[in-house]
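A short worksheet on the structure shown next.
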């Protein structure tokens with residue numbers, strides 16, 4: 001059981017769980033169902049300029065808030081554990097999963113980036129075995145995200161991925177890695193600029209693997225062909241790109257304009273300017289989602305670190321992570337989803353509830369996960385209690401995964 005203020009409405013509710021699912025959500029401060037227990041309508045013209053009316057709950061100073069568990073489609077590592085390390089172990093995967101529960105993340109996609117074939121195989125095997133050993137870990141990892149190696153070989157779009165390991169899409173390799181992963185690979189980021197990409201995408205979709213466009217230098221025509229073949233998402237749109245592009249057309253505009261693509265955003269304050277985030281959110285609406293793109297130095301003190309892929313990186317006191325020899329080149333993110341949610345709400349780029357859903361129910365919906373049902377009867381009992389301080393920083397108080405309390409701050 002969990003009791004708290006509903007993250008959308010502010011009404012006091014109780015969540016009851018049974019057999020890993022939400023048995024009921026009951027209103028406690030007046031008997032009204034949560035969807036009806038809303039604060040007065042307020043004008044929200046500051047956010048979108050059109051005077052759209054929206055019901056908004058200000059979460060600060062109102063006690064513990066009950067919200068759906070966070071769903072992160074892109075986590076490379078956390079607190080010193082790196083999915084791309086040469087010898088990632090099953091134990092390390094379980095340890096990271098438990099560490100992420102403390103941050104409110106109840107479902108996530110371990111992300112294995114461009115590397116040599118054997119290291120990718122070893123990484124996905126360790127993740128698959130960790131899931132096979134522990135049911136809660138398995139439930140917390142609905143799938144593995146392969147971010148590469150089928151990406152653009154060009155500087156800029158390639159980002160910090162090692163050029164020597166970049167290659168054209170190869171279905172036989174995916175089959176080999178999928179066998180090692182025990183079927184857990186559910187998402188692949190690729191660039192459709194490679195010949196044969198459309199057929200590769202169709203193969204992925206036929207085998208239950210979602211495809212995201214990212215780290216790309218593809219033409220608009222190649223983007224359109226990829227979407228027609230079944231590509232569903234854009235990986236951290238606006239990043240992993242050339243520093244300068246033609247005004248139009250270009251691969252960012254083309255992905256932004258296609259209503260079929262879900263748009264993944266890194267909103268840590270370093271990857272994208274607020275103006276770009278605002279435009280992307282307006283264009284994509286409910287298909288805009290947040291990802292962290294957290295790497296293993298996330299949660300570590302500021303300083304210089306050596307990475308297994310990409311060389312030496314610098315984490316600044318402000319939380320920005322960049323290549324040591326190229327300060328203009330980011331090396332992933334050092335912030336998790338609560339940081340981005342708090343920042344979006346604090347900067348009034350959207351309301352708190354919308355920001356939270358961008359990091360919970362929306363990414364689940366994009367990948368067809370039951371967590372998309374959020375706080376409703378029959379949904380997985382994945383929920384968190386949190387509070388927010390006066391400057392918009394979020395603190396996780398308790399986390400429930402599949403009806404079990406897996407973290408409590410006391």
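Taking each residue as 0.36 nm, the span from residue 391 to residue 275 lengthens on full extension beyond its C-alpha to C-alpha distance by 39.7 nm.
In terms of its alpha-carbon gyration tensor, region 259-338 comes out prolate; a/c meets the 1.5 threshold, and the first ratio a/b outweighs b/c.
Averaging over all projection directions, the Cα-based convex hull of the chain occupies 18.9 nm² in the image plane.
Using a Gaussian network model of the chain whose springs link C-alpha atoms within less than 10 Å, name the residue from 108, 305, 251 with the highest mean-square fluctuation. Highest fluctuation of the listed residues: 305. Note on the chain: with a GNM built from Cα contacts shorter than 10 Å, the maximum mean-square fluctuation among 231, 164, 198 falls on 164. For region 98-146, the equivalent ellipsoid derived from the Cα gyration tensor has semi-axes of 21, 13, 8 Å, listed largest first.
The angle between the Cα long axis of helix 337-346 and the longest principal axis of the Cα atoms of the chain comes to about 60 degrees, rounded to the nearest 10. Considering helices alone, the calculated mean residue ellipticity of the chain at 222 nm is -7500 deg cm²/dmol, with DSSP H runs of length four and up weighted by -39500 (n - 2.57) and normalised per residue.
Each Cα pair under 8 Å and six or more residues apart adds its sequence gap; the mean of these over the residue count of the chain is a relative contact order of 20 percent.
DSSP beta bridges confined to region 70-342 are antiparallel in about 30 percent of cases. Between 111, 399, 307, the GNM of the chain built on Cα springs shorter than 10 angstrom shows 307 fluctuating the most. Summed over all non-identical Cα pairs, the Kirkwood treatment of region 344-384 gives a radius of 10.8 Å. Summarising the label geometry, the points placed 7 Å from Cα in the beta-carbon direction at residue 408 and residue 347 lie 3.7 nm from one another. Along its first, second and third principal axes, ordered by size, region 285-329 spans 38, 19, 19 Å in Cα coordinates. Each residue, residue 304 and residue 173, gets one label point 7 Å from its Cα in the Cβ direction; the gap between the two is 3.3 nm. Residue 244 to residue 132: FRET efficiency via 1/(1 + (r/R0)^6), r the Cβ-Cβ distance, R0 51 Å, to the nearest 0.05? For R0 = 51 Å, the calculated efficiency reads 0.65.
Only the coordinates and a few stated rules stand behind these numbers; no lab work does. Note that the coordinates shown come from a computational prediction; the quantities given were computed from them, not determined experimentally. Glycine gets a Cβ as well: all are built from the backbone with ideal geometry, and neighbour counts include every protein chain shown.
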